[in-house]
Each structure stands twice: as structure tokens, then as C-alpha cells.
Amino acid sequence: MTAPAPSPRPRRRARNFGPGPAYLPTDVVERLAADLVDYGGSGLGVAEVAHRGPLFAPVVEALEERLRRLLALPPRYAILWMHGGASPHFGLVPLNLARRHRRADYVVTGHWSERAREEAARLIGEARVVARVSNPPVTIPPVSAWALDPGADYVYYTDNESVDGVEFPEAPRVERPLVADLTANFLSRPVEIARHMLLFAGAQKNLGITGLGVVVVDRDALPEDVPGVPRADVYAAHLAEGSMLNTPNTVAWYVAALMLEWIEKEGGLEALAARNRRKADRLYAVLDGSGGFYRNDVAASCRSRMNVPFTLAEPALLPDFFREAADAGLHQLDGHRSRGGVRASLYNAQPEEAVGELCAFLEEFRRRHG
Ligand SMILES: Cc1ncc(COP(=O)(O)O)c(C=O)c1O
């Protein structure tokens, strides 16, 4: 395969509704492009400087400081930056945290929580489903209905299911050690950190590019060592080495630092939460007002603000839908390969104008084909 030819200037930024790797703010991409060549006037590219050297030190500091500030992180929580995105934590969580009883409770709200549960079951034997979403309208059962096991080492949930479009309205209140996958809505609203023993997120939605995972963990919850497990899979080893157990993915760290700076410039998590709410409400209103032409089956109480999957009453129209959307400059709208249909992702960086253009297109398409 040959690489695509460089695009002629001026570059065009299409509307990108992809679920991840996701759209990045143009300011961030332009700064990255410049710094890949000459980082801060050093004459060295940011991908080519020592991760422990003085040029990279401000990136390491900014990651820690800005994320602590944005999350209002209590001092007992540590931040780990790790290779591999989100999925490794499906295994690392049970390996590190289900040491005592080797049992864990899982709330299954869609694709990713089921994947995490299966991986835990492989490793520790017992990973029970304590609650599962109902059939359409898809609803998350209230905590009072969860069949929690008092002997389980933790309760696990996925805050936002990017495939299914199901999101918890807030972190559940359970009097048990709580673990969360925040990959698909991290930093999209304030989060009650103190309810959690550990949370993790892959970076590729709201925090930059693929392959980087961030873990926020109560230090007291981590066992010092996990015998029989490679050191690269021991959270405490990453904590002890300041997330530099080996050479980090410096470019992904750098982009994450730029994204944290961008989030602060945009007004922080409260401001982004309000904007994200507006974007999602606008899109759901068009779907719900389409007289059944478009359909989303998730109950309003747990509809995702980040990923909006929907179907067309007439699936044979889908090829026309995607072609006409692309002609209108709206890209990467296809649903997850396991579900089909349409999915629009509205992460932090998705501009409100892009959502407006999508809504106008949906109404126009329905008028022509309905
Ligand atoms: C909620 C959630 N968890 C986990 C993952 C897996 O992420 P990764 O590909 O970084 O392993 C995704 C990816 O979309 C996701 O949305």
C-alpha cells in the first residue's frame, strides 16, 4: 500500500463524527504538526526528544498538573499513563485488584462492559453480571436492583458505552470499591472521583490519540506487587516509576498535554458539559421528531451524550444516506461493525456547528426520502 499523497494547501477539515480515533481540535493538530518538526524552537522534533530530558519535562508536569486540576483530584489518588489504550485494563484491573476473593461484580450496559467482564472471567474465574440493561427502551437498572456480592473485590461499570450509546447519568452510588471505564466520556463532564477505587480511559476520544491509557487510582488500593504477573502489568510498578517503566509514547503524551490545555482554555469540565448537553439534545430532538424515520432505542435517562447510534426505518436507504452525508461533508457516520446503522460521535472537540450541519442534513434527507 502506498501512503496517500500530501494534500494540497490550504487544508480542508471535514466534519468528522468518528467514534475514535476521534476528531481533534484544529489548533491542537496544527501545533502538533509544527512541533513534530521543531519543538518550541529547539530545532528538535517533539517525537525525537528524550522522555526524561529537560525539553520534555514541561509535558510531564503539565499532564500531572492539568489533569489533577481538571478532575479536582484528591491527593490520595495517583495518575498513571500507560501504553496500550483502554483494553489492557480489562485484564489489568482483575489481575491487580481481585487479589483477595478473586471475585468481581460487573454491570453490563453494552459491548465494552461485556468485553471487560469476559476478560476478568478468563483471569480470575468469577466475574458475575450483577445487572444488565433492559431490552428497548434500553434502561440501566437502578443500583437498588443490582445483585451485588458483598464478597466481590470490586464493582465494575462502563460510564459510557460507545457502541450502544448508553451512558450513566452519574457515577453510581455503591458502598463497594468501584472501578469504571471512562474511555468514551472522560473529561466530558465533572466526575465524582472519590466514589471510585480506580478509573481508566483510553486517550483516543477526548484526550488525544490512540495507544495511550490513563489510570486514576486510590494509591491505598494498590497491592505493592502481584506475584506471577509481568511488571509491566502491575499498576504499583508504574506508580513507583512515575509512568516511565519503559519509554513512554511521547507523542501521545504530548497530544494529551495539548488536549488538557485546550480543555482548560474552553472553560473546563462544567463548560464542556453544558456544550455537550446542548449538542446531544439537539441531535436527539431531530431523531425523536422524525416520526420514526430515524430511531434510537435508548431511554432518555441513559442516552449517551457522546455517541448517538440510530437506525433508519428503511435500512435499504443506508448506502444513499452515507453517500449523501459524505457529499454534504459529513464523514465517519457508520455504526459499529457489530450493529450496523448510523452512529454520530459528539466528543468534546466536536463543534456545535458540525452538529447543526448534521441535524440539517438529517432533516433534509428525511424530506427527500421519507
Ligand atoms: C468504553 C470503551 N472502552 C474501551 C474501548 C477500547 O479502547 P482501546 O481500543 O483503546 O483498547 C473503547 C473503544 O472505543 C470504548 O469506547
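Looking at segment 39-265, send over the antiparallel percent of its DSSP beta bridges, to the nearest 5.
Taking every DSSP beta bridge within segment 39-265, about 50 percent pair in antiparallel fashion.
Please label the shape of segment 302-370 as rounded, prolate or oblate, based on the square roots a ≥ b ≥ c of the eigenvalues of the alpha-carbon gyration tensor (a/c under 1.5 means rounded; beyond that, a/b larger than b/c means prolate, else oblate). Oblate shape, in that a/c is at least 1.5 and b/c is the bigger or equal ratio. Loop-located GluC sites (Glu not before Pro) in segment 75-119 (DSSP state other than H, G, I, E, B) with a sparse environment of at most 11 neighbouring Cβ atoms within 10 Å are absent.
Footprinting exposure proxy ranking of K265, K279, fewest other C-beta atoms within 10 angstrom first, gives K265, K279. From the alpha carbon centroid of segment 238-256 to that of segment 263-284 is 29 Å. Within the listed set V217, V234, V37, the Gaussian network model of the chain (springs between alpha-carbon atoms below 10 Å) gives the highest mean-square fluctuation for V37. The value of relative contact order for the chain, using C-alpha pairs under 8 Å at least six residues apart, is 21 percent. For the chain, the 222 nm mean residue ellipticity estimated from helices alone, with every DSSP H stretch of n ≥ 4 adding -39500 (n - 2.57) and the total spread over all residues, rounds to -10500 deg cm²/dmol. Taking every alpha-carbon pair within the chain, the share separated by more than 31 Å comes to 38 percent.
Bear in mind that the values in this text are calculations on the coordinates, not laboratory data. Keep in mind it's a predicted model, so treat the numbers as computed, not measured. Positions of Cβ are backbone-derived with ideal geometry, glycine not excepted, and every protein chain shown enters the neighbour counts.
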